[in-house]
Amino acid sequence: MSTKAGSEVLFEKVGNAGVITLNRPKALNALNLTMIRHIYPQLKKWDKDSETDLVIIKGAGDKAFCAGGDIRGTYQKPYVALIDGITMGGGVGLSIHGRFRVATEKTLFAMPETGIGLFPDVGGGYFLPRLQGKLGLFLALTGFRLKGRDVQRVGLATHFVQSDKIVSLEKDLVDLKSPSNSDVMGFLYMFVFVGLLLFCCFRLFSAGSVEEIMENLKKDGSAFALKQTETLAKMSPTSLKLTFRQIQEGERMSLQEVLVMEYRLSQACMRGNDFYEGVRAVLIDKDQSPKWKPSTLSGVSEQAIEECFSSLGERDLKL
């Protein structure tokens, strides 16, 4: 059985497994509203279906899983995301909150939102501060691209397999009969984390403010530190401070609390200048020269950041 949603997302029942294929390879399988409106009810339907034991989600083509656009931890069936390619934005939301996330050597993970005047959404304020050391803060502020095995080593993916094994892995998963989570685990290989990147992040990003991080990077002077200094200098100063506070606050919050916080932040970004300017510079005019307001970290007041986190009263997100 196979169904289509304008051919941009495909739903297929293979044995007792439900398979979702994001089918916009020319757009790196980026999510749009139509796709989201089809995926969510299908997931709910399969979750209640006694003849569906497992859900697999993947991207069409050989370049991307999903490069833009949440699967809540309450999903009952084993849920496996095959992130064999570019994974950003909405693609992160479709994979990171699931129990099983399989990376390959082609996987490229990033949360680049500060570069367009936004912040890491889709629950970024929940999973990023829970990474080891200051890695989550580093990824959130810089949009740094983690590749291949490193995605699994830092815990963003739960497993790693070679890309040419993905098809056979999917077949093995589909062939499982009424699998439990432990059954699924048996088909996935675990690898030991080793962490030069983690060490650098902890040493350089252990700070009380974005300004202190910048100072740490300048004092360090290594090629890695200089590259991150250059990267941060291109980002929206407001987004950097917003994201720093988001990661700090999110470390102590539940996922539901984080989503309420991020809704408030999204409304603040809509009221401001930088998100519109970032989209213009990066996606529309493509001049890569956004005019941030304020243009410096010192120009972003603590009061302005505090207001972004304030309750919206009756307009707050209700979960």
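Below are the figures for this structure:
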item: Hits in region 135-178 - residues which are small (G, A, S) and either more than 16 Å from Y79 (Cβ to Cβ) or at pLDDT 90 or above (or both); result: G136, A140, G143, G148, G155, A157, S163, S168
item: Search result, residues across region 273-319 that are surrounded by 11 or more Cβ atoms within 10 Å (Cβ to Cβ), of a type in the set (S, T, Y) and in a helix (DSSP H, G or I); result: Y276
item: Selection within region 44-58 - over 22 Å from the mean Cα position of the chain (by Cα) and among the β-branched types (V, I, T); result: T52
item: Residues being surrounded by fewer than 19 Cβ atoms within 10 Å (Cβ to Cβ) and among the β-branched types (V, I, T) - total across region 127-157; result: 0
item: Which numbered condition S298 misses (of (1) more than 15 Å from I116 (Cβ to Cβ); (2) touching a Leu at 6+ places or on another chain (Cβ under 9 Å)); result: (2)
item: All helices (runs of 4 or more DSSP H) inside region 103-169 with 2 or more residues being under 23 Å from P237 (Cα atoms); result: 124-127, 135-142
item: Residue within region 204-217 that is at pLDDT below 80 and either assigned by TED's automatic domain parsing to the domain that holds L173 or in a helix (DSSP H, G or I) (or both) present; result: no
item: Exclusive hit being charged (D, E, K, R) and more than 26 Å from F205 (Cα to Cα), set K227, K286, K219; result: K286
item: Matching residues in region 87-102 - criterion: being assigned to a strand (DSSP E or B) and within 8 Å of the chain's Cα centre (by Cα); result: T87, M88
item: Test: residue in region 16-26 that is of a type in the set (K, R) and at pLDDT 90 or above; result: no
item: The listed residue being exposed (fewer than 14 other Cβ atoms within 10 Å of the Cβ) and within 19 Å of I305 (Cα to Cα), out of M214, M270; result: M270
item: Those residues of region 269-302 which are aliphatic (A, V, I, L, M), over 22 Å from the mean Cα position of the chain (by Cα) and within 20 Å of Q246 (Cβ to Cβ), in sequence order; result: L297, V300
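The values are calculated or read from the model by the stated rules, or taken from the named source; none is laboratory data. Predicted model only: the values in this text are computed from it and were never measured. Cβ: placed from backbone, ideal geometry, glycine included. Neighbour counts: every protein chain shown.
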